[in-house]
1. Name the residues in the stretch 117-134 that are under 11 Å from Leu194 (Cβ atoms) and either open to solvent by less than 50 Å² (accessible area, probe 1.4 Å) or touching a Lys or Arg at 6+ places or on another chain (Cβ under 7 Å) (or both), would you?
2. Being open to solvent by 50 Å² or more (accessible area, probe 1.4 Å) and closer than 20 Å to Lys100 by Cα, is that true of even one residue in the stretch 167-179?
3. Need a quick list: helices (runs of 4 or more DSSP H) entirely within the stretch 22-88 having at least 3 residues that are at pLDDT below 95 and within 21 Å of Pro155 (Cβ to Cβ).
4. Being open to solvent by 80 Å² or more (accessible area, probe 1.4 Å), acidic (Asp, Glu) and in a loop (DSSP other than H, G, I, E, B), is that true of even one residue in the stretch 101-109?
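The values are calculated or read from the model by the stated rules, or taken from the named source; none is laboratory data. If you're wondering where the values come from, they're calculated on a predicted model, not measured in any experiment. Here Cβ is always computed from backbone atoms with ideal geometry, including for glycine, and neighbour counts include all displayed protein chains. For the accessible areas, the whole protein counts, side chains as well, though only heavy atoms, and no ligand, DNA or RNA atoms are used. Shrake-Rupley method; radii C 1.70, N 1.55, O 1.52, S 1.80 Å.
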Amino acid sequence: MQASVKIMDIDVDMLTNDIFTGIINEYLSDDHLYVIFFASAELLDRASKDEDYHEIIEQADLFLPGEEALLATHHVDVLEAGGMVTSFKSFGLVLENLQKQDRTIYIMAESEEEALGLRDYCKRVQPGLRVVDFCVYNSCLDDEAVINDINNCLPDMLVVDLPPGIQESWIIGHASQLNAKICIAVGGVSGLVLAAEKVVPLWVNKLHLTWLYEKIVRQQSVKKSFRARIFRKKIVQYNNQSEEPGNNNDNGD
């Protein structure tokens, strides 16, 4: 049983990247669908206020920190140095160390740009991986048609990059119908990693705009630091409110 930390009264699993890799390889050897959620600040904030949503995320087999900001009060730099899972970046490490490298993956995303970005990222970290297809999802699509398309591709992994709230509800609501071994929700956190790892496009080099592109990438790093400060304040505020008289779960019995 892996360790966990409580963030805004929500249990977030803590494990090393090596153990995470071992778990993924174990999941891939089974025919049962395992669900993994990478948590974002938005997801935790929503779950702390919505009990029904909280119950949905608790159904995941693994609930992992998807961005460093979540661990702002837990010495994230020490955890990262110790090889712990601290963000969505760990998914890339897992792909690099798959026991069977020619695994298949299907991607669901909110836009074609996001789907292609995830596809390129997955192929870059694990060239042997086969992205069998992707789907640009919106609420107007027929869920049965989407599920049939996924199942026809028989993917080992289904990666879902949709807005927090929508993606978790969709996955848990349709888990029994999905023909995959692992379903991983990365919405709300994948963009933070993908933006920082983008290769400078050829046309940017040709126009001698590399300096501008690198400046935009640096701004993403500043944004991550800002998110960490904001989320730290939210945690402190949440904890202070929980400690106020009348806001605990004690009935005084």
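1. Matches in the stretch 117-134: Gly117, Leu118, Tyr121, Cys122.
2. Yes, the stretch 167-179 contains at least one residue that is open to solvent by 50 Å² or more (accessible area, probe 1.4 Å) and closer than 20 Å to Lys100 by Cα.
3. Ranges flagged: none.
4. Checked against the condition, which is being open to solvent by 80 Å² or more (accessible area, probe 1.4 Å), acidic (Asp, Glu) and in a loop (DSSP other than H, G, I, E, B), the stretch 101-109 yields no hits at all.
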